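As structure tokens, the structure follows; a few thoughts come after it.
Only the coordinates and a few stated rules stand behind these numbers; no lab work does. None of the values given here were measured: they were computed from a predicted structure. Heads up, the Cβs are rebuilt from the backbone with ideal geometry, glycines too, and the neighbour counts pull from every protein chain shown.
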Amino acid sequence: MAAAATQTVGSETIAYCTSCKMDLNHVIVALKGDRIAKVQCLTCKKEHAFKAAKGQTTPKAKKKKKADAEAEAEIHSIEAEWEKLMAAHRELPIKQYSMKGQFILGDKINHPTFGEGIVGKLIYPNKLEVIFRHDVKVLIHGGAQS
Ligand SMILES: [Zn+2]
């Protein structure tokens, strides 16, 4: 490979693109002495300071802790489910939750701590699985009966 002589404004060079996050062909836009100062990415057309190729030819995976992503996905799915259920049961009156109350599947309840929720599951003999906006909780009901 020819040395610094080929590094002239307008010639191509492999550099690390700060936008594409990978090594790509760039056009030299500005030189500082015999060093490349500024380049334009041929892929995203952005001009940025020259960064030497990093030997990276695929985009960097977004750094996100797996657990975080999973927790987030779970919250989103609960919230989506909750919204769907609340919309589906829009006409239902809200029942105030009480341990002594009797609830059935699909009841819309209001809990003093968790807010509004929908009974998603009945757990024999006296428990309810209730889908609240941010969490699914198991509550006791039918206290008078058991
Ligand atoms: Zn780019």
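At a glance:
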item: Neighbour-limited loop hits for trypsin sites (Lys or Arg not before Pro), the range 93-146 (at most 15 other Cβ within 10 Å; DSSP other than H, G, I, E, B); result: LYS100, ARG133
item: Dipole of the chain, positive end: most advanced residue of THR57, VAL136, ALA69 [Cβ charges, Cα centre]; result: THR57
item: Cβ-placed point charges (K, R +1; D, E -1), dipole of the chain about Cα centre in debye, nearest 20; result: 480 debye
item: Order by protection proxy (mean Cβ within 10 Å, highest first), peptides 26-38, 46-58; result: 26-38, 46-58
item: For LYS127, residues with placed amide H under 5 Å, excluding near neighbours; result: HIS141
item: With 5 Å bins from 0: P(r) over the range 8-49, alpha-carbon pairs, percent; result: 6, 31, 38, 17, 7, 1
item: Convex hull volume of the range 88-146 per residue (C-alpha atoms, cubic angstrom); result: 70 Å³
item: Choice from GLU74, GLU83, GLU12 with maximal GNM fluctuation in the chain (Cα, 10 Å cutoff); result: GLU12
item: Convex hull (Cα only) mean projected area of the chain, reported in nm² to one decimal; result: 14.1 nm²
item: Summed side-chain charge close to MET99 - residues other than MET99 whose Cβ falls under 14 Å, Lys, Arg +1, Asp, Glu -1; result: +4
item: Listed residues HIS48, GLN7, PRO112: farthest to the positive end of the dipole of the chain (Cβ charges); result: GLN7
item: Residue-count net charge about TYR16 - beta-carbon cut-off 10 Å; Lys, Arg +1, Asp, Glu -1; result: +2
item: Distribution of pairwise C-alpha distances over the range 33-94, 10 Å bins, in %; result: 15, 23, 16, 18, 14, 9, 4, 1
